[in-house]
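The values are calculated or read from the model by the stated rules, or taken from the named source; none is laboratory data. Owing to the predicted nature of the structure, the values given are computational and were not obtained by experimental measurement. All Cβ positions, glycine included, derive from the backbone under ideal geometry; neighbour counts span all protein chains shown. Protein only, heavy atoms only, side chains kept; ligands, DNA and RNA dropped before computing areas. Shrake-Rupley method; radii C 1.70, N 1.55, O 1.52, S 1.80 Å.
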Amino acid sequence: MIRPATPADIPAIHTLIRELADYEKALAEAKATEEQLHEALFGHRPAAYAHVATDSTDTVVGYAIWFLNFSTWRGVHGIYLEDLYVRPTARGDGHGKALLTELARICVEHGYQRLEWSVLNWNTPAIDFYESLGARPQDEWTVYRLTDQALTKAAGTT
């Protein structure tokens, strides 16, 4: 079952985020707290949205965190999928596909024209899964990122 996340889901989502970070060999970079997640998803000015996948016992086994982006070329919003994760023990049961289907449904319902995300180049199981759904890599673009000291330096605050 797929449903919008609730504040009560924050501990489970936080645990799953850490599992994903560990799988992606970047656990030390996963610094978000439950409080930060609650504020981002349910605070005064939510910056992101989340859906969860639950099993037959209503246990959260997966999640998708996403936010709206905007295409200047198309003139409309889209969805950027920040995270999609399903516990290894629950994979193969359709949860990942159901989460993506729900986000695609939201796009169509609201007139959004893109559903986008990034995937690590080495994550062939995820790449194969996404491509089986019809997703195609946008290999003409390279993602850039400023964080930590480089971000502070770019802001002129060092």
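Computed quantities for the displayed model
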| item | result |
| --- | --- |
| VAL119, VAL52, reordered so the largest accessible area comes first (probe 1.4 Å) | VAL119, VAL52 |
| Estimated D of the chain in µm² per second, where Rh is the Kirkwood radius over Cα pairs and Stokes-Einstein applies at 4 °C, 1.567 mPa s | 76 µm²/s |
| Segment THR57-THR124, extension gain: residue separation times 0.36 nm, minus the distance between their alpha carbons | 21.1 nm |
| Computed E for ARG3/THR33 - FRET, C-beta separation, R0 25 angstrom, nearest 0.05 | 0.60 |
| Most mobile of ARG114, ARG87, ARG145 in a GNM of the chain (Cα contacts under 10 Å) | ARG145 |
| Cα-based Kirkwood hydrodynamic radius, the stretch 9-76, one decimal, Å | 13.5 Å |
| Cα-projected label distance for ALA98 with ARG114, points at 7 Å along beta-carbon direction, nm | 3.0 nm |
| Within a Gaussian network of the chain (alpha carbon springs, distance under 10 Å), most fluctuating of TRP141, TRP66, TRP117 | TRP141 |
| GLY78 long-range amide H proximity, modeled H, under 5 Å | ASN69, PHE70, SER71 |
| Kyte-Doolittle mean at least 1.6, axial Cα span of 30 Å or more - DSSP H helices of the chain | none |
| The stretch 113-150 and the stretch 63-107: distance between their alpha carbon centers, rounded to Å | 12 Å |
| Semi-axes of the equivalent ellipsoid for the stretch 66-158, Cα gyration tensor, largest first, Å | 27, 20, 13 |
| Where labels lie 7 Å past Cα in the beta-carbon direction, separation of ASP148 and ALA48 in nm | 1.9 nm |
| Under 5 Å, built H, 5+ apart or other chain: amide partners of ASP83 | ILE65 |
| Percent breakdown of C-alpha pair distances by 5 Å bin, ordered from the shortest bin, for the stretch 81-127 | 5, 18, 25, 26, 16, 8, 3 |
